[in-house]
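What follows is a single structure, written as structure tokens, with notes after it.
Read the figures in this text as sums done on the coordinates, not as results from a lab. The structure displayed is predicted, hence computed values, not measured ones. Here the Cβ positions follow ideal geometry from the backbone for every residue, glycine too, while neighbour counts run over all protein chains shown.
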């Protein structure tokens with residue numbers, strides 16, 4: 001009897017499984033006939049913009065993150081005391097209506113905007129702005145705030161914020177330890193500087209549930225999948241309130257999959273694409289938007305290696321490489337030849353900088369005379385924002401030029417994390433590296449060669465004259481005198497041939513033809529508040 | 001039976017301990033320094049050292065392991081270095097996606113694999129047998145990143161009949177519930193969302209099931225052929241029972257034992273996350289997450305996730321063994337046998 005019951009039970013089990021399978025298959029087949037997508041599901045006549053990027057944000061608390069994916073979401077939710085112009089890194093008023101700088105460059109007095117509320121209903125005022133910055137100052141600062149020291153300085157380095165006060169609701173006074181012209185640009189950055197709700201910050205959930213004053217409010221975050229934002233209907237700046245009702249960020253790791261999602265109507269805008277997929281995007285009837293990036297892709301000579309201690313040796317190497325030809329052939333028009341460390345749109349005064357000219361015959365004889373026949377090179381295996389083709393392809397291109405002048409360049413490649421360790425170890429003659437600008441200030445590029453930290457100064461370059469110029473540039477007010485300082489810095493870098501500047505890459509976005517109005521800023525974030533989508 | 005289960009659970013402890021030690025050592029020996037990943041481009045050596053000290057990475061490796069083990073035993077898998085979020089929270093926010101995809105994929109693979117395998121065995125040497133062998137060969141040979149991309153290009157990129165990736169239109173996603181969208185939308189009666197979730201799971205489930213289906217087909221076919229050659233099957237036929245009845249009731253049930261093992265193991269491996277499928281179809285599961293975490297040297301996440309996957313394998317194996325007894329009444333898990 002027990003056996004019979006068991007048999008019936010097993011039979012029923014099998015039947016149930018079959019029914020579930022058949023039902024699933026039916027449902028799947030039925031659904032298959034529907035049009036895919038739905039990214040623009042309308043509600044009350046409004047529309048949704050779906051933005052696809054490669055990965056989740058690291059977090060959404062501006063104090064705790066340093067990645068572009070986080071920035072892309074945060075700039076829709078938070079605002080800063082100052083903000084950048086749409087097409088440059090010149091600053092303009094944001095949550096601060098105006099500001100004054102004392103003659104000694106040490107005291108900044110901000111007039112705080114009134115009538116602004118955070119998304120959680122908390123009033124924005126000078127005290128709230130103070131709290132947002134103060135939590136990143138010593139001694140409150142924690143060791144895992146990646147941008148705090150860069151943005152707000154440190155006591156040990158004798159720079160940054162010495163004190164911050166909010167004498168009344170509309171006045172914020174910041175005193176610096178040392179004058180810094182870059183400070184205003186820092187305040188407009190999408191890392192560290194965005195002003196967060198003090199109530200939410202105290203709650204400790206800001207990294208998962210951001211609360212700012214921006215045109216969009218955070219709704220939800222499904223890890224590895226999507227983030228949803230909705231329009232802030234109470235936004236203080238009615239002329240610049242969000243156009244779309246919802247913004248959805250989707251995370252699609254593969255570049256080719258993002259292109260397909262765009263073609264299939266599952267995304268309206270996609271980021272993180274390179275020239276390899278441009279024709280595919282355009283063949284699908286979608287558009288590619290490109291703009292000059294704020295970056296530099298370079299080869300660094302290890303100035304402490306035996307063979308590249310002298311500028312003559314470094315120049316001889318540089319003469320062997322036809323950088324213009326290399327950039328044209330490797331990047332197919334999606335990167336521009338780097339005449340200087342800073343892109344020319346940032347520093348037009350650098351157009352007359354003279355790099356070593358390509359001269360393989362001279363290179364061959366000079367390298368032979370110096371006894372340089374072997375060069376040890378390290379590089380990264382992945383693509384980087386300043387080098388879409390990856391470090392290996394770039395290194396192999398340079399290797400080809402060197403072989404023509406009788407030099408054997410060995411290449412060791414690493415994944416990015418291991419590569420940074422290898423660079424720190426310093427066991428190389430040349431390495432490939434790059435830099436993405438943070439704030440558009442010349443100091444942000446040029447001081448890379450003045451610091452002692454070898455994680456930044458990978459050439460291990462040390463020049464007192466250069467360091468003095470960098471210090472002078474930082475405290476000199478913006479204008480022709482400051483421009484002249486950085487022009488001198490560029491000339492020193494070229495004359496000493498510390499780097500072989502290679503290229504400035506362009507920033508690319510793919511979007512549907514009916515999408516417009518977004519702002520793709522040089523800092524590589526996209527402001528979506530004015531983005532519209534026609535039917 | 002209860003004693004058997006308890007014994008198996010106790011046996012799992014050294015397995016999981018060994019696993020945790022291996023993962024712990026591998027991450028520390030072969031991974032890059034997490035400080036530079038976590039603190040980013042602007043970090044100085046002093047800041048990195050302060051971070052290492054704050055996160056206990058300057059202690060001896062034995063102390064580090066004991067700290068990890070002590071916390072894990074209390075149910076605390078630590079906090080992600082990179083996102084500052086609890087590892088348990090990070091895992092649980094992704095695990096339902098992996099479970100849902102694994103369940104659908106194993107159902108598809110099992111149903112198709114068993115049907116194809118049985119047909120191939122019963123009609124050995126026929127066209128159906130050849131077709132089954134061909135399908136199994138394709139399933140085993142074709143990597144998912146290839147078959148998946150082909151499916152996306154055809155159904156999403158060209159025909160525009162299915163979405164290319166994701167679990168559901170984010171604006172339709174159910175809030176709360178089990179995290180299994182098909183179940184949640186079904187229970188809430190939101191059929192628009194249910195249809196959308198089903199649309200999204202078709203391609204990844206098919207792509208993911210191909211390999212498992214191929215394995216199940218081959219195992220079913222060979223097991224069935226072996227069983228069909230047994231004396232009791234010949235006897236049943238000699239008694240005059242209809243062929244279909246003999247195939248189903250006498251041969252298939254007995255042939256199912258090894259197939260059950262295969263299905264169990266395949267399901268276990270699917271629950272461990274399907275890196276390639278998740279990457280190609282932007283499926284938000286734990287497979288891709290753990291690989292990303294390895295690349296970021298996010299030790300707590302890797303350790304926690306691998307432990308979870310280890311526990312899953314142990315549990316699935318246990319369930320398979322228990323199902324054995326259910327399918328074959330001759331098997332008893334008595335104390336003596338154990």
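For chain A, the relative contact order is 19 percent, taking Cα pairs closer than 8 Å that sit 6 or more residues apart in sequence and dividing their mean separation by the residue count.
Against chain B, whose longest principal axis comes from its Cα atoms, helix B:45-54 is set at around 60 degrees. Kirkwood-type hydrodynamic radius, the stretch A:402-535: 18.2 Å, calculated from all non-identical alpha-carbon pairs.
I need the per residue convex hull volume for the stretch A:64-110, using only the alpha carbons, in cubic angstrom as a whole number. Could you put the intermediate results ahead of the total?
Working: hull volume 5.5 nm³, N = 47.
Once divided by residue count, the hull of the stretch A:64-110 is 118 Å³.
Mean residue ellipticity, 222 nm, helices only, chain B: the sum of -39500 (n - 2.57) across DSSP H runs of n ≥ 4, divided by residue count and rounded to 500, is -23500 deg cm²/dmol.
Computed from Cα positions, the angle between helix A:360-370 and the longest principal axis of chain A comes to roughly 70 degrees. The mean number of partner chain beta-carbon atoms within 10 angstrom of a residue's beta-carbon across peptide B:109-118 is 1. Between the stretch A:400-452 and the stretch A:468-535, the C-alpha centres lie 20 angstrom from each other. According to the calculation over all Cα-Cα pairs in the protein assembly as shown, the P(r) per 10 Å bin from zero is 2, 11, 19, 22, 19, 13, 8, 4, 2, 0, 0 %. Please express the Cα-Cα pair-distance distribution P(r) of the stretch A:164-274 as a list of whole percents, one per 10 Å bin, running from 0 to the bin with the greatest distance. All Cα pairs, binned at 10 Å, distribute as 11, 28, 33, 20, 7, 1 percent. Between residue B:158 and residue B:315, the contour length at 0.36 nm per residue exceeds the Cα-Cα span by 52.3 nm. Summarised in one figure, the compactness ratio Rg/Rh of the stretch A:251-290, Cα atoms and Kirkwood Rh, is 0.89. Largest mean-square fluctuation among B:130, B:285, B:78, in a Gaussian network model of chain B whose springs join Cα atoms under 10 Å apart, belongs to B:130. For the stretch B:80-129 versus the stretch A:95-162, the spacing of their alpha-carbon centroids is 51 Å. Shielding by partners for peptide A:249-259, expressed as the average number of C-beta atoms from other protein chains within 10 Å of each residue's C-beta, is 5.
Placing pseudo-labels 7 Å out from each Cα toward the beta carbon at residue B:175 and residue B:6 gives an inter-label distance of 4.6 nm. Pairwise Cα separations in the stretch B:1-114 fall into 5 Å bins from 0 onward with the following percentages, short to long: 2, 9, 12, 16, 16, 15, 12, 8, 6, 3, 2, 1, 0. Our estimate of slack between residue A:306 and residue A:452, defined as 0.36 nm per intervening residue step minus the Cα-Cα distance, is 50.6 nm.
May I ask you to list the residues of the stretch A:226-258 whose amide nitrogen lies under 19 Å from a point 7 Å from Cα along the Cα→beta-carbon direction of residue A:114? Residues A:235-238 fall inside that zone.
Please work out whether the stretch A:131-174 counts as rounded, prolate or oblate from its C-alpha gyration tensor, where a ≥ b ≥ c are the square roots of the eigenvalues and a/c under 1.5 means rounded, while otherwise a/b larger than b/c means prolate and anything else oblate? Note, shape of the stretch A:131-174 comes out prolate.
A helix-only calculation puts chain A at -9500 deg cm²/dmol for mean residue ellipticity at 222 nm, using -39500 (n - 2.57) for each DSSP H run of at least four residues, averaged over all residues.
Remark: spin-label model distance residue A:101-residue A:173 equals 1.9 nm, labels positioned 7 Å along the Cα→Cβ axis. Sorting A:407, B:15 from the fewest to the most surrounding beta carbons within 10 angstrom yields B:15, A:407.
Separation of the stretch B:1-46 and the stretch B:172-221, taken as the distance between their Cα centroids, equals 31 angstrom. Could you compute the FRET efficiency for residue A:345 and residue B:188, with r as their C-beta to C-beta distance and R0 at 56 Å, rounded to 0.05? Efficiency at R0 = 56 Å is approximately 0.60.
Taken over the Cα atoms of the stretch B:78-148, the convex hull encloses 115 Å³ per residue. Here the residues B:231, A:66, A:312, ranked from fewest to most Cβ neighbours within 10 Å of their Cβ, fall in the order B:231, A:312, A:66. Sorted fewest first by neighbouring Cβ atoms within 10 angstrom, A:402, B:180 come out as B:180, A:402. Just want to confirm a number: the relative contact order over the stretch A:146-291, from Cα pairs under 8 angstrom separated by 6+ residues, in percent. Relative contact order of the stretch A:146-291: 11 percent. Once both labels are modelled 7 Å past Cα along the beta-carbon direction, what's the residue B:15-residue A:534 spacing in nm? Calculated label separation equals 6.3 nm. The mean count of C-beta atoms from other chains within 10 Å of the C-beta of residues in A:143-154, rounded to a whole number, is 5. Given axes a ≥ b ≥ c from the Cα gyration tensor, I'd like to know whether the stretch A:312-428 is rounded (a/c under 1.5), prolate (a/b larger than b/c) or oblate. Because a/c hits 1.5 or more and a/b fails to exceed b/c, the stretch A:312-428 counts as oblate.
For chain A, the longest principal axis of the Cα atoms and the long axis of helix A:390-404 meet at an angle of about 30 degrees.
Calculate the all-directions average of the projected area of the stretch B:108-233's alpha-carbon convex hull, and give it in nm².
In nm², the orientation-averaged hull projection of the stretch B:108-233 is 10.2.
Let me know the whole percent of all Cα-Cα pairs from the stretch B:194-283 that are separated by more than 15 Å. Don't skip to the answer; put the middle values down first.
Details: 2698 of 4005 pairs.
Looking at the stretch B:194-283, the distances longer than 15 Å represent 67 percent of pairs.
Apply the a/c threshold of 1.5 to the C-alpha gyration tensor of the stretch B:259-309 and tell me whether it is rounded, prolate or oblate.
Numbers: a/c = 3.60, a/b = 1.54, b/c = 2.33.
Here the stretch B:259-309 falls in the oblate category.
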